[in-house]
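Read the structure below first, then the notes.
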Amino acid sequence: MPDERGDSDARRGWGWVVLLLVLGALFVGLRGIHALADQPEQSAIFTDRVVVVGVTGRPQLTPTDRAVLSSHLGDAQAGTVSVRPRYVGDCAAAGWTTLGAGRRAAVNGLCTPEVQGGRVTDWPARQAAAAARRGDAQLGTLGGSVKGCVAAVGPGAALAAAKPDGSLAAYQSPQEFVAGGMQSSCPITIVDAGPLSDQIISELANRKDITLIVTGVGPNAGSDDPSLQVIYRLGTTLPGWLTSASTRREGIVTLTDLTRTLIEFSGPATSVAVDGAPFAVYSADLSVDKIAATISSVAALSDAAPIGYLALGLIGAVLFAIILISVLRGQFRLPKLILTLGGILLASMMLTGAFPWQYSGSPGLILSLLVVAWLLILTPLALLVGRMAAVPSIIAATGITVAAFTIDAALGAVMQPGSLLNSRPIFGLRWYGFGNVTFAAYASTGLLLAGYVAHRLLTAGRRGGALAAVAVIGFGIVICEGWPSMGSDFGGVIALTPAVLWLLLALSGIKITWPKLLAIGGAAVLAVAVISVLDWRRGPGRRSHLGNFVQRVLDGDALDVISRKAVASAETIFSIVGICSLVIGVVLWIVIFKYVLPRISADFTTARSTVIAALIVAIVGTLLNDAGIFVWLPVTGEITVVMGWFFFDWADRHDWTPGSRSSATVLAEHR
């Protein structure tokens, strides 16, 4: 008689192989689509001279900008510029200093520069301000790196054009510059024209012998507005949207990108400590209205996000009240449905970036409606997938979330800019790839999915299959998270790799020892090192921040980056929000380990190991990423939602009611 069980197991085994092959083919196809995406082109400067006119408080096009651009649409490149110096909202002097240093700089309140005798008068104090708290901006980098000289017009421009010792190759007041016919003997001239800005821009725009760059450098005096500002370049041969390898965003560059562009314009340069990348361009036909709309859309990415968070907060408060009332009444089906919705929340927040809501007339409203729409679409989908696959709906929700994040990674993280999980542009943090909150969401849902699949396979007596599933899912997410053209997340790989290795070790049945734990930590560091070195080898113009960190190590200033990230993490943890989140989170983790896991162990046999792996991500990610507590929050929230669902499912099947004598008996029986 044929062995029917053996045949069935073989068919299931081949089914998993076929499924993996199909998913692999889909992933390769998505990567192919990413490879076909438009790439920016380099756009050289062909004139012998460049004039940079820096302006303050220019988040939108002015009438002068509109008039100038309307007559130069065939030779203009336009976009927005992140003017963020080291501290968000610092004065314009910090922006000028950042332009001169090629790295984000601080000025410690020195917002009114003065020039006497051809040098910045308080240069030593400004150097000390830039170096304070392990700052790594080297003032005078631009002036000391270019071939030729850099002339300054106006006091702000002096901060950008000064040499490392604070001296200036040439200096004029704006009035002298205008009176002299706006001529300069230096290849590069930087202008802080103040009230004369519009006059100088209008006249220089008609010059054919120069390339004119108009850029915002910071807020008006007395303002701490961190908004991105207008930037455009005239006299090009390739009109379109400015971009750079630093941002990988159409229509967005940074002040340090301008620094690098000016250094490379002066001629081939040796390695300099500049964070920016040269300007590039996405070729396009421009119009003044299109430029204005793009500038407004970038602002909306910052301004509308809080409205979306508020909408989710209000919805969450109402749903939490419903859960609380239902649980007190001993009713658990509605709470399970709400938690299924909560389990799909992260995917819904990420998928808001699939639509260009930022271009709408009411971006805050559209964003709020969009995230609600995704919740209403994905929650029934999770219920349907759960029913069809015979898995809990909350696991189906985590699977859909992992799939959504993986698709975005394969496409090059194209949905991140408009995602509610991404950082707002005004903070100037993560311009491409996956940010820390996205990483925390992806890692926690991925570990939960891997852990549950392992549970199902272990229950069927297939330990090898369980370990293979955890390895494929876990390391697949590590690759998507860290690869430079996908998630490009340095800290994420460090935090997630040991968690995946822990889960594999815990499920393998091998005794866990300290040497093995140290080996896990070493493997995480090795994984990051390999990816970072491969990225570094691509060259300065193509590196992500992983490769740039390798260059920092070679330059000897990596410790400054590490210490600043540690300080940033500590500031989030020891803030009011951080302390409250930490206390509440610790209580939730204790409740999960002490009360929830013992009761759901039969339904999710690998839950304890999975939750420990997630806790590793929460702790290591919080300590090693500058986002700090904002890694702890999504991991803690996701684990609480999933474990809460399993607990309510257990309570529903065991007729458990809070506070009743019978519930105490049921709890005692499942200790």
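The values are calculated or read from the model by the stated rules, or taken from the named source; none is laboratory data. This one's a predicted model, so the numbers in the text were calculated from it and none came from an experiment. Counting neighbours? That spans all protein chains shown, and the Cβs are built from the backbone with ideal geometry, glycine included. In case anyone asks, the SASA skips ligands and DNA or RNA and just uses the protein heavy atoms, side chains included. Shrake-Rupley method; radii C 1.70, N 1.55, O 1.52, S 1.80 Å.
Per-structure values
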item: From the options Val50, Val22, residue that is assigned to a strand (DSSP E or B), over 25 Å from Ala300 (Cα atoms) and more than 26 Å from the chain's Cα centre (by Cα); result: Val50
item: Any chance Ala245 is over 23 Å from Val153 (Cβ atoms), small (Gly, Ala, Ser), assigned to a loop (DSSP other than H, G, I, E, B) and open to solvent by 20 Å² or more (accessible area, probe 1.4 Å); result: yes
item: Residue list for the stretch 106-116, restricted to those being open to solvent by 50 Å² or more (accessible area, probe 1.4 Å) and either more than 14 Å from Pro155 (Cα to Cα) or in contact with a strand residue (DSSP E or B) (Cβ under 9 Å, 6 or more places away or on another chain) (or both); result: Asn108, Gly109, Glu114
item: Subset of the stretch 598-615 [of a type outside the set (A, V, I, L, M) and surrounded by fewer than 17 Cβ atoms within 10 Å (Cβ to Cβ)]; result: Pro598, Ser601, Asp603
item: Subset of the stretch 424-477 that is among the small types (Gly, Ala, Ser) and in a loop (DSSP other than H, G, I, E, B) - its residue that is surrounded by the fewest Cβ atoms within 10 Å (Cβ to Cβ); result: Gly461
item: Filter result (open to solvent by less than 30 Å² (accessible area, probe 1.4 Å), more than 17 Å from the chain's Cα centre (by Cα) and β-branched (Val, Ile, Thr)) within the stretch 616-640; result: Val617, Thr636, Ile639
item: Qualifying positions in the stretch 478-487 - of a type outside the set (Asp, Glu) and assigned to a helix (DSSP H, G or I); result: Val478, Ile479, Cys480, Gly482
item: Residues satisfying the stated conditions in the stretch 347-365, i.e. touching a residue at least 60 places away in the same chain (Cβ under 8 Å), surrounded by fewer than 21 Cβ atoms within 10 Å (Cβ to Cβ) and assigned to a helix (DSSP H, G or I); result: Ala354, Tyr359, Gly364
item: Any hit, the stretch 33-44, residues being modelled with pLDDT of 85 or more, over 24 Å from Asp289 (Cα atoms), in contact with a strand residue (DSSP E or B) (Cβ under 9 Å, 6 or more places away or on another chain) and in a strand (DSSP E or B); result: yes
item: In the stretch 211-225, the residues that are touching a Ser or Thr at 6+ places or on another chain (Cβ under 8 Å), buried (at least 24 other Cβ atoms within 10 Å of the Cβ) and hydrophobic (A, V, I, L, M, F, W, C); result: Val217
item: Of all residues making up the stretch 128-138, the number that are open to solvent by 20 Å² or more (accessible area, probe 1.4 Å) and either touching a residue at least 40 places away in the same chain (Cβ under 8 Å) or among the hydroxyl-bearing types (Ser, Thr, Tyr) (or both); result: 3
item: Lone qualifier among Ser185, Ser244 - being touching a Cys at 6+ places or on another chain (Cβ under 9 Å) and modelled with pLDDT under 95; result: Ser185
item: Residue check, Leu238 within 14 Å of Val214 (Cα to Cα) and either crowded, with 20+ Cβ neighbours inside 10 Å or more than 22 Å from the chain's Cα centre (by Cα) (or both); result: no
item: Any hit, the stretch 506-525, residues being over 21 Å from Gly433 (Cβ atoms), surrounded by 22 or more Cβ atoms within 10 Å (Cβ to Cβ) and more than 20 Å from the chain's Cα centre (by Cα); result: yes
item: Sole residue being within 24 Å of Ile252 (Cβ to Cβ) and under 11 Å from the mean Cα position of the chain (by Cα), chosen from Leu421, Leu411; result: Leu421
item: Test result for Arg86, among the basic types (Lys, Arg), out of contact with any Asp or Glu (no Cβ under 8 Å at 6 or more places or on another chain) and more than 27 Å from Arg248 (Cβ to Cβ); result: no
item: Residue in the stretch 443-464 that is on the phi < 0 side of the Ramachandran plot, under 18 Å from the mean Cα position of the chain (by Cα) and among the aliphatic types (A, V, I, L, M) present; result: yes
item: Condition check for Asp224: more than 24 Å from the chain's Cα centre (by Cα), part of a loop (DSSP other than H, G, I, E, B), touching a residue at least 12 places away in the same chain (Cβ under 8 Å) and more than 30 Å from Ile338 (Cα to Cα); result: no
item: Residue match in the stretch 615-629 (condition: modelled with pLDDT of 80 or more, out of contact with any helix residue (DSSP H, G or I) (no Cβ under 6 Å at 6 or more places or on another chain) and closer than 30 Å to Leu458 by Cα); result: yes
item: Test: residue in the stretch 383-405 that is open to solvent by 40 Å² or more (accessible area, probe 1.4 Å) and within 26 Å of Ala627 (Cα to Cα); result: yes
item: Search result, residues across the stretch 53-99 that are in contact with a Lys or Arg (Cβ under 6 Å, 6 or more places away or on another chain) and in a loop (DSSP other than H, G, I, E, B); result: Pro85, Arg86
item: Conditions (1) surrounded by fewer than 22 Cβ atoms within 10 Å (Cβ to Cβ); (2) touching an Asp or Glu at 6+ places or on another chain (Cβ under 6 Å); (3) of a type outside the set (S, T, N, Q); number of the one not met by Ala125; result: (2)
item: Any pair with Cβ under 8 angstrom, 6 or more apart, that starts in the stretch 200-220 at a residue that is under 20 Å from Tyr87 (Cβ atoms) and ends at one that is of a type in the set (Lys, Arg); result: Gly216/Arg58
item: Residues of the stretch 248-274 satisfying the condition of being part of a loop (DSSP other than H, G, I, E, B) and in contact with a strand residue (DSSP E or B) (Cβ under 8 Å, 6 or more places away or on another chain); result: Arg249, Glu250, Gly251, Ser266
item: Residues (surrounded by fewer than 19 Cβ atoms within 10 Å (Cβ to Cβ) and small (Gly, Ala, Ser)) located in the stretch 312-346; result: Gly313, Gly316, Ala317, Ala321, Ser326, Gly330
item: Qualifying residue in the stretch 488-499 (condition: in a helix (DSSP H, G or I), in contact (Cβ under 8 Å) with a residue 24 or more places away in the chain and open to solvent by 30 Å² or more (accessible area, probe 1.4 Å)); result: yes
